[in-house]
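The values are calculated or read from the model by the stated rules, or taken from the named source; none is laboratory data. Bear in mind the structure is a predicted one, so any value in this text is a computation, not a measurement. Note that we place each Cβ from the backbone using ideal geometry, even for glycine, and neighbour counts take in every protein chain shown.
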Ligand SMILES: Cc1cc2nc3c(=O)[nH]c(=O)nc-3n(C[C@H](O)[C@H](O)[C@H](O)COP(=O)(O)OP(=O)(O)OC[C@H]3O[C@@H](n4cnc5c(N)ncnc54)[C@H](O)[C@@H]3O)c2cc1C
């Protein structure tokens, strides 16, 4: 098996591109130093390699089973969960007072990249628990937090997000699960949820479902949705586990990938109603849940990036080892075969994989610094700017790595040829696992509509202005650099194109929303390319600086690789934007005008 990730690249991202060490100046991190960040990353890598990676294939080949009473996972899943929890990762970003280690968001997410690269489906239980605990912490009453949070932070309880229903996926405003008020101030929930990841298993003493439901008599649509905490088992006042709540596992879904994560259909209220506790105020549930969804969207992007990265490293190892054919200029049949990495077309595929995988990882880590800044930056204006920019780019952070991570896995299969298609190699599983990411946490189509229709709208917004300010600052800084100057010119052109298309689409949107949003996914892709182009320029600038400072040997090669990948990105990934821009600016109606009966 290839390395989980390139440690040198992670170090480069954190300390040379993102200046993670500057966080040590913030009061929250005064007790930390870089050695603690590094030790955390090393621990994550070691646990991922020892407890998660070895059963990745086994979990894929042996799906969870349900005998009507209990769910059974392959036994290796439990020690992996325990190792993750015992190392403190469930609580790592929480306050010291709450048993956490006040780890910066970006260090936590970089650590999660190792787990995702090792075994995304076993990691999903932890990933969801972290998000559910954050949600409870932000919006739960002190009583609820006191009862459930400590156990979610130390690994005795796990968490889920229960939004989707058999009839309602993308259109959450139509969800039907009903909550009836009970005399004791709690609620009784009735309804069905579907696709709920980690919705049942025996890994933990209890499962805390964060459920969206509609209180009886609530208004229709998104304004009538509330958030409830619904435990699998009741919890007694002394903290011990009580009886089973009225939440039943109706069945497990069988999936293309992510197989060691249980995907459940849950019935709430088959008997007297599942006891649920309102989180926050009535009817504000979807707004609260957006915290978890936005966090999960960055996490989905990160997972996709990590699997794309794994696919790249696996393909690279193989290509350096596999002899096949000779270069076109060599007509001598007695000459030894070359390794396939020598073939230009194989390098093309590896180049694309590198650009997608490293670019995606860098994008997700950048987004994590915005999460951090939104909470801990020094002054209010910095915090606000970070939050607005994050809000704008979240659709791309979720979608770009998801789309191009799958392409990186697909290219990995192609690099291996027939071997890539067999189950002897991990590429086909990586491809299947990765294929979920454009679907869950809001499909690609929904993200495009969110970006153009809601985040930008007919007028743009503060996040868009902040994006332009920041990218322009990078372009100005790069303009005078020998290597990055020409790359900056190419990106400037792409940015101008994006700005002009944005304003054309905003006009179309104002005139006719159906028409204005009809090509939103293509626009999302275009914005994503410019965004990742910016992220690549930042990497190239850090590399140019290091090269100018005299990097040599393997370090020089590492930095040359960065600069070259940035060059590839500006040449090949940004070039097609002009064609798309014309279609978008002209308000192309090919998709919109196609009639149902014409298919
Ligand atoms: C493995 C897996 C794990 C999951 N885990 C969870 C979980 O833990 N918790 C949870 O709550 N949910 C979970 N989900 C559900 C997931 O979030 C939904 O599948 C997803 O949001 C899409 O909903 P849907 O499947 O109902 O598809 P639909 O909403 O029916 O969408 C089908 C297609 O129509 C398009 N479409 C729908 N509406 C529009 C529109 N208005 N405009 C344009 N296009 C549209 C979509 O983009 C998509 O291409 C999971 C799903 C899977 C497969």
Return yes when residue 380 is out of contact with any strand residue (DSSP E or B) (no Cβ under 7 Å at 6 or more places or on another chain), buried (at least 24 other Cβ atoms within 10 Å of the Cβ) and modelled with pLDDT of 95 or more and no when it is not.
no
Go through (1) over 20 Å from the mean Cα position of the chain (by Cα); (2) without any contact (Cβ under 8 Å) to a residue 24 or more places away in the chain and name the single condition residue 370 misses.
(1)
Does the range 495-505 contain at least one residue that is touching a residue at least 24 places away in the same chain (Cβ under 8 Å), surrounded by fewer than 20 Cβ atoms within 10 Å (Cβ to Cβ) and over 14 Å from residue 577 (Cα atoms)?
yes
Given the criteria out of contact with any strand residue (DSSP E or B) (no Cβ under 8 Å at 6 or more places or on another chain), away from the ligand (no atom under 12 Å from the Cβ), closer than 22 Å to residue 270 by Cα and not in a strand (DSSP E or B), does residue 146 qualify?
no
Residue 347 - would you say it is within 20 Å of residue 6 (Cβ to Cβ), free of Cβ contacts under 8 Å to residues at least 12 places away in the same chain and part of a helix (DSSP H, G or I)?
yes
Which of the residues that make up the range 275-296 are over 23 Å from residue 219 (Cβ atoms) and at pLDDT 95 or above?
275
Only one residue in 287, 242, 251, 301 is closer than 26 Å to residue 365 by Cα and either assigned to a strand (DSSP E or B) or free of Cβ contacts under 8 Å to residues at least 12 places away in the same chain (or both). Which one?
287
Which listed residue, of 204, 160, 261, is under 17 Å from residue 131 (Cα atoms), outside any helix (DSSP H, G or I), touching a residue at least 12 places away in the same chain (Cβ under 8 Å) and more than 13 Å from the ligand (Cβ to nearest atom)
204
Qualifying position, being within 15 Å of the ligand (Cβ to nearest atom) and over 26 Å from the mean Cα position of the chain (by Cα), among 176, 188
176
If you take just the helices (runs of 4 or more DSSP H) that sit entirely in the range 409-484, which of them hold at least 3 residues that are within 16 Å of the ligand (Cβ to nearest atom) and at pLDDT 95 or above?
427-434, 444-449
Return yes or no: is residue 367 surrounded by fewer than 16 Cβ atoms within 10 Å (Cβ to Cβ) and modelled with pLDDT of 95 or more?
no
Close pairs (9 angstrom Cβ cut-off, 6 or more residues apart or separate chains): closer than 11 Å to residue 474 by Cβ in the range 516-544, outside any helix (DSSP H, G or I) and more than 16 Å from the ligand (Cβ to nearest atom) anywhere:
533/574; 538/18; 540/481; 540/483; 541/481; 541/483
Of the listed residues (221, 239, 217, 199), the one being within 16 Å of the ligand (Cβ to nearest atom) and surrounded by fewer than 19 Cβ atoms within 10 Å (Cβ to Cβ) is 221
Test each condition in (1) farther than 22 Å from residue 97 by Cα; (2) touching a strand residue (DSSP E or B) at 6+ places or on another chain (Cβ under 8 Å); (3) part of a helix (DSSP H, G or I) for residue 123 and report the one that comes out false.
(2)
Can you pull out every residue in the range 226-239 that is touching a residue at least 60 places away in the same chain (Cβ under 8 Å) and over 25 Å from the mean Cα position of the chain (by Cα)?
230, 231, 235, 239
Looking at this structure, is residue 37 surrounded by 14 or more Cβ atoms within 10 Å (Cβ to Cβ), assigned to a helix (DSSP H, G or I), in contact with a helix residue (DSSP H, G or I) (Cβ under 6 Å, 6 or more places away or on another chain) and at pLDDT 95 or above?
yes
Residue 508 passes all but one of (1) under 29 Å from the mean Cα position of the chain (by Cα); (2) more than 16 Å from the ligand (Cβ to nearest atom); (3) surrounded by 17 or more Cβ atoms within 10 Å (Cβ to Cβ); which number fails?
(1)
State yes or no: is residue 561 surrounded by fewer than 21 Cβ atoms within 10 Å (Cβ to Cβ) and either assigned to a loop (DSSP other than H, G, I, E, B) or modelled with pLDDT under 95 (or both)?
no
Collect the residues in the range 48-79 that are free of Cβ contacts under 8 Å to residues at least 60 places away in the same chain and either at positive phi or within 21 Å of the chain's Cα centre (by Cα) (or both), keeping them in residue-number order.
68
